[in-house]
1. Test of understanding: what is the full-extension gain from ASN557 to LEU644, defined as 0.36 nm times their sequence separation minus their Cα-Cα distance?
2. Tell me the per residue accessible area of segment 686-744 using a 1.4 Å probe; a whole number in Å² is fine.
3. Could you pull out the pairs from LYS405/LYS697; LYS487/LYS736; LYS485/LYS736; LYS533/LYS734; LYS697/LYS736; LYS533/LYS697 whose alpha carbons sit more than 32 Å apart here?
4. So for VAL517, VAL415, what's the accessible-area order with a 1.4 Å probe, most first?
5. At a 1.4 Å probe radius, carbon and sulfur cover how many percent of the accessible area of segment 308-454?
6. Given just the C-alpha atoms of segment 313-412, how large is their convex hull per residue in cubic angstrom?
7. Between ASP619 and VAL257, what FRET efficiency comes out of the Förster formula 1/(1 + (r/R0)^6) with R0 = 56 Å and r the beta carbon distance, rounded to 0.05?
8. Can you pull the one-decimal nm distance between simple spin-label points at THR728 and VAL219, each 7 Å off the Cα toward Cβ?
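The values are calculated or read from the model by the stated rules, or taken from the named source; none is laboratory data. Every value quoted in this text rests on a predicted model; they were computed, and no experiment measured them. Neighbour counts are summed over all protein chains in view; Cβ atoms, including those assigned to glycine, are modelled from backbone coordinates with ideal geometry. Each accessible area value is taken on the protein alone, full model and side chains, heavy atoms only, with ligands, DNA and RNA left out. Shrake-Rupley method; radii C 1.70, N 1.55, O 1.52, S 1.80 Å.
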Amino acid sequence: MSAERTSSSGSEHLDDSTNNSVWHETTFIDAQREDRMASPHDANDQIVQYVDRDEARRPEVTQYMLSSQTPSTSNFETPLLRSDSPQSTHTPTRPLSCNANLNYVSSPLNPNFSISSPASPQSYSRHRSQSRQSMQFTRVASEDSQVLAAPNTASLPSSQRGSMILYRLAAEDDRGPLIPPKPLPNRNSVLTTSGDSIFSLSYDSKYPSGAWNARGILVPYVYDPALDEPDEDEPLNDPDDDSFSSSVFPLRGILNVSVLLILILALFCLFIIYPVVTYYHDRALNDAITGNALVNGTGQIPFLFQMPQLIDPDTPSSAATRTGFDGLSYELVFSDEFNTPNRSFWPGDDPFWEAVNIWYWTTNDQEWYDPAQITTRDGYLSIVMDQIPENDLPYRSGMLQSWNKFCFTGGYVEVSISLPGPNQETQGYWPGAWTMGNLGRPGYGATTDGVWPYSYNSCDVGTFPNQTEPDGSGPAAALQSNASKPKYNDELSWLSGQRLSSCTCPGEDHPGPSVNVGRGAPEIDILEVEHNKLGSGQVVSQSAQFAPFSHDYTYLNNTQDEWFINTPNITNANSYQGSAVQQAVSALTVLPDNLFQESGAQFTTFGFEYWSDPSNPSDGYITWQTAGVESARLGAAALGPDPLPNGTGVSQRLISVEPMSIVLNLGISPGWQTIDLSTMIFPAEMLVDYVRVYQRKGQTNVGCSPADYPTADYINAHMDSYMNPNLTLWNYPKPKNSLYSGGC
C-alpha cells in the first residue's frame, strides 16, 4: 500500500483524482484530525491520502474539500430523514460510486426506506438540522455506507441484493499490519468545507468527528443470503432432493436396519454364544487341573518373584510342541534344561528335584547315593560315580528324584543323555531314567510295600498276598510257576498283596478318592542300560512293571494292538518277563557307539508316551522311543484278564493312571549285570542335557495329588514312612480286605 501526506507548505497539491474518491474513515492523530480517503478502484490496492485539517485554511485545501462534497444522490443516507424535511435542501451530498437509481431491499437495518420516483430530485436526499455551532457540515460517509455502495453490490440484480451488514475481524492483509488504537485528542478541531465553522463539539453525534476508527478491529461487509452457495452436504438436508429416496427400493432404510441387525448379532455372539463355546471348549482342561495346587483355573502356572517355573525359560521355542506317536498334538508342560551352573539338590535346595542320601538295598546296589555327587555344569546335569567307599559300600554315586515335587499323569517324557564309561564295551554301570507312582518313594521300602508295582482296580484274588487263597488252595498257576526261580520256591508271587485295593473295607486307611478305587505305584522305565548279553555293544532296556501277575508272567502279543516292535533290526522283545516281585514287559534296543564318556560323549534322546482311560481299562498304551524313533509299543490289551483254571484268575491290569514322579540315577549292582572293572573308568559320569514332559493339548494334568488320584493327605498322614529309608515294611496297620480272611 502507499500513502501521500499533504504538506503544510502548500507546495504539494492534491491530485484531481481525489474528487472521485469517497470519505472512508475519520481518525485522530495526536491533536490533529486526519481524513483518510480510499480510492474506489481497488479495495486491495488503495491509495490513501491524508489531509491535515489544521492546514485546511490554505486555498488549495479548501478547494479540495469543496470538490469532495457529497452530492444529493447518495442512496445509503436517504432513509435517515424524510424527503419533505426542510433541511434537505441545505444538506450537501456526495456522489456514490454506484448507480443512484439502484433499489435496496427493506431490512431491519433500513426500516424507513421508501421507494420514490427517480424523477424526483429530492427523493434520494437526506436532511439534518444545522448545529448551533456550525453550518452545513460535510457528511462523512460511514463504513456501513461505503460497503453498501461497493462495486460488488452494485453489480447484482436488484432482486438478489439485500442491505444486511455484517462485521468481521480484520486480517493481516487488510491494508497492512494491524495498528493499535489511538487515544482521543484533547481538542476537537473541525474544518467545514463551507468555512462557517472551525470548531464544533460533536461527541454526542452518532458519527462524532473526533471518533477514531482505526483499521484492525471490525470490518463491515454486505451479506446477501441469496448469494450463498449450497454446502457440499446440502442434499442430505434438502427435503426437495430425491436422490436418496425411492418408493421401490428404500436403500437408506435397508442400510440402517442392516447395521442394527449386525450390531445386535455381534452383541448376541459376544455375550451368549462365546461364553457357551468357551465353556465346552475348556471343560476338559478345567476338569484335568481341578485340585492341582500348581495350576490355576485357566490352566496358567503362576510365575511369582523367586518362584520356580514349570517350563524352563531356556527351553527353545522349537520344543514347545510335538506331534505324538498317536498323531495328536502335544504341548510342553514341564522342562529343565540344567543350564544354571553349580546347582545343588540337597533336601530343600530345589523346587522340583531332590537328591537322596540312602543305600538302595532293594536291588542290592553297591553304591551309596550321596547328594554331593550331583550338580550342574556346562549346561548339563552331572551324576558322578566314584570308586570311593562310603558307609561300608565301595562306591558312591547319585540319585535324583522329583517325588512329591513334580508329577504328571499321562503324556510324553523325554530325556537327552550321554552315558558313562570308556566305550560301548563297558560292563558294570547301571544308568537309569524312570518313573514311579507318587504313592511309593523309590528307596524307601516301607512306602513301596504293598503298592509297587500294582496298577489294578479289580476286587479279586489278584489283591491277595502271593495271589493265593487264604487257605493256600490255589490258584494252581500262582502256587507253582515254570517261569519263577528256585530262590522263590518256584512260586509266582512273593508280594504282600495290594495294600490299597478296591476291596478295602469302609473306614479303613486309604488315600481315596474312595475305598472302592484300587491304588498303587506302577513303574515305567525310560531307560536302563547294560552290556548286550547276546553280542557286543550296549543295549537300552525300556520296560513297564505290573502287578498282579498273569501265569508265568506272560502277556499277549498276538496283534499289534497288544505288542509291536517298530525297529526290528535293532530292537527285540526282552526274554526277561519278571519274577516273584514283578511282572515286566520290555524291549531291548542296540545303542550307537558314540554315546559314552570317552568315545564321543554324544547325547541321544530316550522317552516314552503313554495314555490310559480308567473308565475303559483295556484302552491304553505305552510307546517307547530311542534316538527320536519309536522302538516298541505295548497296548493295554496285552495285560488283559488271565482266567481260571489255567490262569491266575486276575483281571485287566491298567496302564498307569497314577501321578508319576521322575528318577535319574547312576547305580552299580551284580543283580543287574556282571561287574567287569577292567572295562570301567572312575570317576564315571552320566550327563543329562534336559528333561521335558509333554501332554495332549488341552489335557494338562501335572501335580502329585490330582483330584481323581490324590496322594497329599495320605503321605502327610504317614510322613515317617516316607522320610525313613531304613524302614523296609509298612509300619501301619494294613487296611482290611473285604474278600480276604473274614472280610470287613
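1. 29.4 nm
2. Per-residue accessible area for segment 686-744 comes out at 48 Å².
3. From the list (LYS405/LYS697; LYS487/LYS736; LYS485/LYS736; LYS533/LYS734; LYS697/LYS736; LYS533/LYS697), the Cα-Cα distance tops 32 Å for LYS533/LYS734; LYS697/LYS736; LYS533/LYS697.
4. VAL517, VAL415
5. Carbon plus sulfur share of accessible area: 49 percent.
6. Looking at segment 313-412, the number lands at 140 Å³ per residue.
7. Efficiency computed from Cβ-Cβ geometry: 0.55.
8. Modelled inter-label distance: 11.5 nm.
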